[in-house]
Amino acid sequence: MSEISFSDWNLPEYILDALAVEGWEKPTEIQREAIPPAREGSDIIGQARTGSGKTAAFGIPIIERSEPTGLPQSIVLCPTRELATQVCSELQWIQGDKGLIILPVYGGTDLEKQAQKLNSGVDIIVGTPGRVIDMTKRKHLNLQSISLLCLDEADRMLDMGFWPDISWIFSNMPERNQTLLFSATFPQEIIDSTDELLNNPVTIMSDDLEVEVPEINQKWIRIGRANKLWGVGRILANMESADQCLIFCNTKRMVELLEDRLGKHRFSSSTLHGDMSQNKREKVMLGFRDNEIKVLIATDVAARGLDVDGVTIVINYDLPDNPEDYVHRIGRTGRMGKKGNAWSFVGREDLRQLERIRTTWNLNIVKSDAPDLPDGVNRDPVRPRKDWAESSDPFGMVQISINAGANLISSKLSLSEWLISQAKVKELAIGEISINEKYTTVDIHAESAQRVLEILERREYNGSKLTAELAIR
Ligand code: AMP
């Protein structure tokens, strides 16, 4: 937050009134940097993530320059319907009583109704690229009259494959004389496009990614697939009444599965993913925003632009494939100066990805144990399981350790023959055997390990009872 107040800028009365009603006094950093040049008509490249106040950074200049003529003059393109809805409602309150018609144009809503609204006149469009093109081709929307184009979360639109659509929209807007582009990151394709499409832009490379991200307490837990649910149980058991938790999975299926499994352990949660109807998604987002939903499980795409300030915990149930998504995900917490906690579950196969995320953003993600059970709770909500897969080496072998050495185990051959005949283990499933003075280790394929442990527990070996356990490597 800066020392400048909105009232220091000579903004129109209707905007100042609206800001006052909302209780906003000072612009955020991106607003302070972007609003004055944008009001003068400059092109802008702004680096900003959700939570920085970027919506008003373009919203205020757009509202100021648009007039209630019924002809579209400005268009904001967003990657998702949710973000479009949010941008729309923010523009709506910023305009106060100016009387502009601001219309969201995105897929999943009734085409006919949308067409009718477009036909009856609009001033500002906020939409997703696909539907905007669709409406233009159907002649319900005329891009010719639009002079301002704003791209919100450009990197995300690039990720989602919208770039050709965006180029199409650009090329069908001959009257465009101002372009505002906001993005959290700047992949090469965006840099190349900005050279081509923007005219002498004012560039605002905020360092808010570096500044804000570390305020979030980032931890990672080494945990395999089998025990992720246990980990979630531990974190949820520690939630306090003011907490809100957002859990990310990489697939819609996993989102559903996790909700179901948590339900079986009496944790109530809701889901948000792209296969849900628009209606259902809006309901869930509202419930989360109103703090009625405490735990929300989501995919990256569905959670983009989710504008909820109360999220205190983010869990990466699956580590994201894309390092940028990591920053977007954890950016859901710790917003507007609040503290946040981000937990990442990292299995053996995720270790490299964790490293990639860490180095891409130079992040301080600290290795940690799952949180302890809170005071007064002595049973895990979800019981931990032996995780053979997580303990195995790249060939799928785990090591078990037997509490008997050379005095009882005469040779490697006799032990492996015993295992083959008694535990019905295939010869190939037995790897290295090492007989030491007091103990013996056996490498065994993870799939057979449980059976071997059970047989060792039940049957005697050369007249002696042995005990064995999974060795920690
Ligand atoms: P955004 O990055 O646009 O999604 O904004 C993040 C959150 O900050 C939203 O809840 C905004 O309503 C809020 N916000 C943005 N700018 C300001 C400001 N200048 N003063 C107070 N709240 C703000």
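The values are calculated or read from the model by the stated rules, or taken from the named source; none is laboratory data. A quick note: this is a predicted structure, and the numbers were derived from the prediction, not measured. A quick note on method: Cβ atoms are made from the backbone with ideal geometry, for glycine too, and the neighbour counts reach across all protein chains shown.
General remarks:
- Flag if Leu466 is assigned to a loop (DSSP other than H, G, I, E, B) and closer than 24 Å to Lys386 by Cα: yes
- Count - residues of the stretch 98-119 that are modelled with pLDDT of 95 or more, in a loop (DSSP other than H, G, I, E, B) and on the phi < 0 side of the Ramachandran plot: 3
- Considered as a group, the residues in the stretch 405-433 that are within 17 Å of Glu454 (Cβ to Cβ) and touching a Ser or Thr at 6+ places or on another chain (Cβ under 8 Å) include one that is surrounded by the fewest Cβ atoms within 10 Å (Cβ to Cβ), and that residue is Lys426.
- Some residue of the stretch 400-409 being in contact with a strand residue (DSSP E or B) (Cβ under 6 Å, 6 or more places away or on another chain) and free of Cβ contacts under 8 Å to residues at least 24 places away in the same chain: no
- First in the stretch 166-183 and polar (S, T, N, Q), second anywhere and assigned to a loop (DSSP other than H, G, I, E, B), Cβ under 7 Å, 6 or more apart: Asn177/Ser147; Gln178/Gly41; Gln178/Asp43; Gln178/Ser147; Thr179/Asp43; Thr179/Leu198; Ser183/Glu153
- Boolean, Ile191 is crowded, with 20+ Cβ neighbours inside 10 Å and of a type outside the set (D, E, K, R): no
- Failed criterion for Ser206 (all others in (1) at pLDDT 85 or above; (2) among the polar types (S, T, N, Q); (3) over 16 Å from Val311 (Cα atoms) hold): (1)
- Listed by position, the strands (runs of 3 or more DSSP E) contained in the stretch 253-357 that have at least 2 residues being under 27 Å from Gly161 (Cα atoms) and without any contact (Cβ under 8 Å) to a residue 60 or more places away in the chain are 270-272, 295-298.
- Residues in the stretch 437-451 that are surrounded by 12 or more Cβ atoms within 10 Å (Cβ to Cβ) and under 13 Å from Ser401 (Cβ atoms): Tyr439, Thr440, Thr441, Val442, Asp443, Ile444, Ala449.
- Pair list, Cβ < 8 Å and 6+ apart or interchain, from the stretch 452-473 residues that are surrounded by fewer than 11 Cβ atoms within 10 Å (Cβ to Cβ) and at pLDDT below 85 to residues that are not in a strand (DSSP E or B) and not charged (D, E, K, R): Ile472/Ser391; Arg473/Ser391
- Unique residue being touching a residue at least 24 places away in the same chain (Cβ under 8 Å) and either outside the structural domain of Glu349 (by TED's automatic domain parsing) or small (Gly, Ala, Ser) (or both) when the list is Leu413, Leu419: Leu419
- Residues that are assigned to a helix (DSSP H, G or I) and within 13 Å of the ligand (Cβ to nearest atom), drawn from the stretch 17-31: Ala18, Leu19, Ala20, Val21, Glu22, Glu29, Ile30, Gln31
- For the stretch 373-389, the tally of residues that are of a type in the set (D, E, K, R), surrounded by fewer than 18 Cβ atoms within 10 Å (Cβ to Cβ) and touching a residue at least 12 places away in the same chain (Cβ under 8 Å) stands at 4.
- Enumeration of residues in the stretch 1-58 that are modelled with pLDDT of 95 or more, hydroxyl-bearing (Ser, Thr, Tyr) and under 24 Å from the mean Cα position of the chain (by Cα): Thr55
- Evaluation of Arg39 against (1) without any contact (Cβ under 8 Å) to a residue 40 or more places away in the chain; (2) within 14 Å of the ligand (Cβ to nearest atom); (3) over 23 Å from Val132 (Cα atoms) (one fails), failing number: (2)
- Scanning the stretch 70-82 for residues that are under 19 Å from Pro174 (Cα atoms) and either in a helix (DSSP H, G or I) or not small (Gly, Ala, Ser) (or both) gives Leu71, Pro72, Gln73, Ile75, Val76, Leu77.
- Counted residues, the stretch 54-89 - those being charged (D, E, K, R), in contact (Cβ under 8 Å) with a residue 60 or more places away in the chain and away from the ligand (no atom under 15 Å from the Cβ): 2
- Screening the candidates Asp110, Asp97 for the property of being surrounded by fewer than 21 Cβ atoms within 10 Å (Cβ to Cβ), free of Cβ contacts under 8 Å to residues at least 60 places away in the same chain, more than 13 Å from the ligand (Cβ to nearest atom) and within 26 Å of Arg289 (Cβ to Cβ) yields one hit, Asp110.
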